[in-house]
Amino acid sequence: MVPYRGTPQAVTDLVAGRAELMIDSQTLLAPLARDGRVRALAVTTAHRSRLLPELPTLAEAGVPGYAASSWQALQAPAGTPAPILARLAEAAAAALAEPGVEARYAEAGIEPLAGGPAEAARLIRAEAAKWAPILKATGARAG
């Protein structure tokens, strides 16, 4: 494993054949796969990608139970009143439903999940529980 400081050098080495494997954003790597500069093997998510529907998931490709994806969440300071959080969730859901936003996200392979504070908290708890044992076992640090 090569600990690259950033994605650009890793992509350069992958395309040049100096790196044999890379796991990174499908948004970044899909165009390289489409034009034949890299060979896409699978997606790491739990379900097939809308951007690369022909690719199996890693679980389908023989790594049972594997599922990992990157995600972002809209957050507010602790103690923000519930009505304000609800209004922010509504505004975010409305923005994500806009046809132009929806189309742009689909082109990039981004699959937004609009939800409120409870859904975001559930996701954060689930991800923390999933990755904590791996971080502990490997000595890696999040962040």
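The values are calculated or read from the model by the stated rules, or taken from the named source; none is laboratory data. Every value quoted in this text rests on a predicted model; they were computed, and no experiment measured them. Note that each Cβ is placed from the backbone with ideal geometry, even for glycine, and that neighbours are counted across all protein chains shown. Note: areas computed on protein heavy atoms with side chains; ligands, DNA, RNA excluded. Shrake-Rupley method; radii C 1.70, N 1.55, O 1.52, S 1.80 Å.
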Looking at Ala76 and the list (1) loosely packed, with under 14 Cβ neighbours inside 10 Å; (2) out of contact with any Leu (no Cβ under 7 Å at 6 or more places or on another chain); (3) under 27 Å from Trp131 (Cβ atoms), which single condition is not satisfied?
(2)
Has region 85-103 got at least one residue that is closer than 22 Å to Thr27 by Cα, aliphatic (A, V, I, L, M) and open to solvent by 70 Å² or more (accessible area, probe 1.4 Å)?
no
Restricting to region 111-139, name every residue that is within 17 Å of Ser70 (Cα to Cα) and part of a loop (DSSP other than H, G, I, E, B).
Glu111, Pro112, Leu113, Ala114, Gly115
Determine which member of the set Gly116, Gly109 is surrounded by 10 or more Cβ atoms within 10 Å (Cβ to Cβ) and either in contact with a Cys (Cβ under 7 Å, 6 or more places away or on another chain) or farther than 24 Å from Ser49 by Cβ (or both).
Gly116
Which one of these does Ser70 not meet: (1) more than 17 Å from the chain's Cα centre (by Cα); (2) open to solvent by 70 Å² or more (accessible area, probe 1.4 Å); (3) under 23 Å from Gly6 (Cα atoms)?
(1)
Can you name the number of the only condition in (1) outside any loop (DSSP other than H, G, I, E, B); (2) surrounded by 14 or more Cβ atoms within 10 Å (Cβ to Cβ) that Glu60 fails?
(1)
If we ask which residues in region 1-43 are surrounded by 13 or more Cβ atoms within 10 Å (Cβ to Cβ), without any contact (Cβ under 8 Å) to a residue 12 or more places away in the chain and acidic (Asp, Glu), their number turns out to be 1
Considering each of Pro112, Pro64, Pro77, Pro81 in turn, give the residue that is within 14 Å of the chain's Cα centre (by Cα) and more than 16 Å from Ile23 (Cα to Cα).
Pro112
Options Ala78, Ala82, Ala67, Ala86; residue that is closer than 27 Å to Thr45 by Cα and hydrophobic (A, V, I, L, M, F, W, C):
Ala67
How many residues does region 44-57 contain that are open to solvent by less than 60 Å² (accessible area, probe 1.4 Å), assigned to a loop (DSSP other than H, G, I, E, B) and over 24 Å from Thr138 (Cα atoms)?
5
